[in-house]
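Here the structure is laid out as structure tokens; the discussion comes afterwards.
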Amino acid sequence: MSAVPAQVGPIARRTLPLRHIAIGSVQTLRTVTVRSQPDGVIASIHLREGDDMKAANLRVTRDRRPFENAQRMARADLVNARAQVQANEAAVAHAELPLCYSEIRAPIGGRTGQLLLHEGSLVTANDNGFAIVTINQRAPIAVVYAVPETVPTALRAARDSSPVTVQAISHDNPPRTSAGRLEFVDNAVDASTGMMLLKAVLARGDHALAGRIRGCRDAAAAPGPPGGDRRGRQVRRPPPQAGLDFGAGVG
């Protein structure tokens, strides 16, 4: 019997792998079963059995009509609810409005007249027969007076170039005066008197003049060559006034 050959090597220490062999199966990491959330009818299917698909791809379409109808009804309810909210807000504002009217403040500055109603009096809205008090503005104040019908023509011509000044004179002794400006010339002549109505506004509004005007005097540049009369002098001619001295003033 022949000898068996053998290999000889150096002795060494090392880790050897330990292997086990078994039979297994493949499983997916995630499995999803697709179901419908609300009740309804499937209108169309956009897949075939065995298709590969990506996430969020449309595969089934439901009948949209019931959901669209429900959406329209909900939006109509929302519109009605908003309208009701606005109506409620308007009702609240209307209820709060009388609180503002519980205090009556003077709409203008001026002097009050006779107090017609007192504490405990019953008032009615917009009752013209029962006013509480009347307020007359006194600064600025208006003066209304009449002049002969020939005067306004010159005044209108003067107003086109510069303001017409008016001097009001009171009944006091000594008289008090206040200066203002002509604001209005009436468009009709009083057939019974031959006079026309004028209105001036006194900016200073001297309280002593209120209701106690003795006369008014206008001062307007007389028509003529620019810069003065033929001799180069400036002419200012107050128009005639009833009950007052008048004439041409030359300066």
Which pairs have Cβ atoms under 9 Å, sit 6 or more apart or on different chains, and link a residue in segment 166-193 that is of a type in the set (Phe, Trp, Tyr) to one that is exposed (fewer than 13 other Cβ atoms within 10 Å of the Cβ) and part of a strand (DSSP E or B)?
184/144
When segment 153-176 is examined, which residues are found to be under 20 Å from residue 203 (Cβ atoms), surrounded by 15 or more Cβ atoms within 10 Å (Cβ to Cβ) and out of contact with any helix residue (DSSP H, G or I) (no Cβ under 8 Å at 6 or more places or on another chain)?
155, 158, 159, 165, 166, 167, 169
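Can you work out which of the residues in segment 93-134 that are of a type in the set (Asp, Glu) and part of a loop (DSSP other than H, G, I, E, B) is surrounded by the most Cβ atoms within 10 Å (Cβ to Cβ)?
Kept after step one, since they are of a type in the set (Asp, Glu), are these residues of segment 93-134: 96, 103, 119, 127.
Applying the additional criterion that residues be part of a loop (DSSP other than H, G, I, E, B) yields 103, 119, 127.
Working: 103: 6, 119: 4, 127: 9.
If we take residues in segment 93-134 being of a type in the set (Asp, Glu) and part of a loop (DSSP other than H, G, I, E, B), then 127 is surrounded by the most Cβ atoms within 10 Å (Cβ to Cβ).
In segment 56-64, is there at least one residue being free of Cβ contacts under 8 Å to residues at least 40 places away in the same chain and loosely packed, with under 10 Cβ neighbours inside 10 Å? Break it down into steps so the answer makes sense when it comes.
If we filter segment 56-64 for residues that are free of Cβ contacts under 8 Å to residues at least 40 places away in the same chain, which is where we start, we get 56-64.
Okay, now just the ones that are also loosely packed, with under 10 Cβ neighbours inside 10 Å, so 56, 58.
Yes, segment 56-64 contains at least one residue that is free of Cβ contacts under 8 Å to residues at least 40 places away in the same chain and loosely packed, with under 10 Cβ neighbours inside 10 Å.
Computed from the coordinates by the stated procedures, all read-outs in this text should not be read as laboratory data. Nothing here was measured: the structure is a model prediction, and the numbers come from that model. Cβ atoms come from the backbone with ideal geometry, glycine included; neighbour counts cover every protein chain shown.
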